[in-house]
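S.K.: Before we start, here is the structure in question, set down as structure tokens.
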Amino acid sequence: MNDDDLIARLRSLLGAGAVLADPADMAPHLTDWRGRYAGRARCVVKPGSTAEVAAAVALITGAGVPVVPQGGNTGLCGGATPDSSGDAVLISLSRLNRIRSVDAANNTITAEAGCLLARVQESAAAADRLFPLSLAAEGSCEIGGNLSTNAGGVHVLRYGNARELVLGLEVVLADGRVWDGLRGLRKDNTGYDLKHLFVGAEGTLGIITAAVLKLFPRPRASAVAWLAIGSPAAAVELLGRLRSSFGERVTAFELIGHSALDLVLKNIPGAREPLATTAPWSLLVELSETLPDFDITGALERALAVEIEAGRVLDAALAGSLAQVGELWRLRENCSEAQKVEGISIKHDVSVPVSRIPDFLEQADAALRAAFPDVRIVAFGHVGDGNLHYNLSKPVAADNADFIALTPQANRIVHDIVAGLGGSISAEHGIGQLKRSEMLRYKSEVEMDLMRAVKQAIDPRNLMNPGKVL
């Protein structure tokens, strides 16, 4: 089937306005957020329902044409960008944007894949509940993409990754059939737990069209503080003490290197230095409380006073208003945006056991500076769950184009250290196009054989997001 025939049949099926074939109309969908990957597609289709997704997939794959699913296009590994061949049809899920139901008694919400993460959060809040997945792109990323990449974010410490927030899924398979697994059950021991195949699979096994998600009690109060500390080891030790004192009230524990903060202050309008003390590392700490009469702010203030008196924390600023909370969180959330202003960097999204974070930073910093003496290392991330964003660039943005060509060498240094510490080369961003070859070095042959067997069983013609993950 040639392109004209396929586009005509898709327009007949979905309506002319749901099928984009003009290059200018398709362009926003064909380049990833970082600007690192650009591809081509036969067309972009925008179904408005699960039935339309299923019908479109059946038509497209029935013609032997591959499919690339896309949500908010905020990914960092090129997983939602087609390749340069122009063979695929890109399916945007953005029109599947309905909240189907909220069951407050069951603490669940059922949302379609194209719902913005922020909208899922708002719908939960309207029912006096919390949907805890939270990340910097929540105003533009979509829940289907969050699940397809097993997104993490800032609250994994308390609530877990996206995988742990899913109870049920609805998925369109490679042949257009729909698996309806939208069950809000916390116990279902009837065989293989199929939903976990699709969470984190980046659309290579099927297209998530809706999900039943867990909700939690909405915190009645929170306390947020920005701390100056001397080292990552001091951060890990403080995390242990705070968790011993406050348990699951410790909701977020974010580590920010001085170079990351400097870029935010330089490149993000309105960003302000939060402390008079200049330190090599900062922490953003959040505690939250569901009991209405517990003074969580006072409790954190007292705990930090003890830490400062002991010299374990160098300085601290406790947010006194919602506006100040927002200011502090924006410093952390804009770390990636501040880097983007200065061009492409070599990004690493790695995880190690929390206890090995200081070892990783010490070893990787030393090895990289030996290999690239003028490298700028920008490190920040979710120290509470062992996930660091460890990014490399040159101090002068114009030098980055040449430096990016050294990505394989930099990756080998960083990823070998991560593997040696029992870590992972991808903590929350996925594999996409970026890390396919790297994964082969660090996954065992048994693991790769099992992954290939699953792919072959569910998508034997390799038509679902080909060239990604595997």
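Bear in mind these aren't lab numbers, they're just calculated from the coordinates by the rules spelled out. The model shown is predicted, which means the values in this text are computed figures rather than measured ones. Cβ atoms come from the backbone with ideal geometry, glycine included; neighbour counts cover every protein chain shown.
S.K.: With only Lys, Arg, Asp and Glu charged, each at its Cβ (+1 for the first two, -1 for the last two), find how big the charge dipole of the chain is about the Cα centre; round to the nearest 20 debye.
M.R.: 620
S.K.: If you average the C-alpha positions of segment 193-266 and of segment 381-431 separately, how far apart do those two centres end up, in angstrom?
M.R.: When both Cα centres are located, 19 Å separates them.
S.K.: Put +1 on the Cβ of each Lys and Arg and -1 on the Cβ of each Asp and Glu in the chain; which of 221, 270, 127 then has its Cα farthest toward the positive end of the dipole?
M.R.: My answer, from the dipole projection, is 127.
S.K.: Using only Cα atoms, tell me the angle between helix 357-371 and the longest principal axis of the chain; keep it within 0 to 90° and round to the nearest 10.
M.R.: That helix lies at roughly 80 degrees to the long axis.
S.K.: Here's something else I'd like to know. Between beta-carbons, use under 14 Å as the cut-off and find the net charge around residue 302, counting Lys and Arg +1, Asp and Glu -1.
M.R.: Here the charged neighbours net out to -2.
S.K.: Could you size up the charge dipole of segment 190-286 around its Cα centre, putting +1 on the beta carbon of Lys and Arg and -1 on that of Asp and Glu, and report it in debye to the nearest 20?
M.R.: Dipole of segment 190-286, to the nearest 20 debye: 340 debye.
S.K.: So, counting K/R as plus one and D/E as minus one, what does the shell of residues with Cβ under 15 Å around residue 355 add up to?
M.R.: Computed value for this residue: -1.
S.K.: For the charge dipole of the chain, defined by +1 on Lys and Arg C-beta atoms and -1 on Asp and Glu C-beta atoms about the Cα centroid, which residue among 137, 117, 384 has the Cα displaced farthest towards the positive pole?
M.R.: Farthest along the dipole direction, towards plus: 117.
S.K.: Could you state the angle between the C-alpha long axis of helix 407-420 and the longest principal axis of the C-alpha atoms of the chain, as a value from 0 to 90 degrees rounded to the nearest 10?
M.R.: With both axes taken from Cα atoms, the answer is about 70 degrees.
S.K.: Please work out the Cα convex hull volume for segment 343-446 and give it in Å³ per residue.
M.R.: Convex hull volume per residue, Cα atoms: 101 Å³.
S.K.: Compute the relative contact order of the chain as a whole-number percentage, counting only Cα pairs closer than 8 Å that sit 6 or more residues apart in sequence. List each step's numbers first, then the result.
M.R.: On the way: 954 pairs, mean separation 72.2, N = 470.
For the chain, the relative contact order is 15 percent.
S.K.: Listed here are the pairs 46/214; 394/468; 340/394; 214/455; 214/443; which of them are more than 23 Å apart at the Cα?
M.R.: The pairs that break the limit, which is 23 Å between Cα atoms, are 46/214; 394/468; 214/455; 214/443.
S.K.: To the nearest 10 degrees, how steeply does helix 117-126 sit against the main Cα axis of the chain, on a 0 to 90 scale?
M.R.: That works out to roughly 70 degrees.
S.K.: What 222 nm value per residue comes from the helices of the chain, counting each DSSP H run with n ≥ 4 as -39,500 (n - 2.57) and dividing by all residues, nearest 500 deg cm²/dmol?
M.R.: Numbers: 17 runs with 166 residues, N = 470.
Mean residue ellipticity, 222 nm, calculated: -10500 deg cm²/dmol.
S.K.: Now for a different question. Could you please tell me the mean projected area of the C-alpha convex hull for segment 186-326, averaged over all directions and given in square nanometres to one decimal?
M.R.: Its average projected convex-hull area is 12.7 nm².
S.K.: Over segment 99-217, what is the mean sequence separation of C-alpha contacts under 8 Å (at least six apart), divided by residue count, expressed as relative contact order in percent?
M.R.: Relative contact order, segment 99-217: 32 percent.
S.K.: Have a look at 420, 442, 353 and report the one farthest towards the positive end of the charge dipole of segment 343-446, computed about the Cα centre with Cβ charges (Lys/Arg +1, Asp/Glu -1).
M.R.: 442
S.K.: Please express the shape of segment 3-92 as an equivalent ellipsoid: the semi-axes are the square roots of 5 times the eigenvalues of the C-alpha gyration tensor, given largest first in whole angstrom.
M.R.: That gives 21, 13, 12 Å for the three semi-axes.
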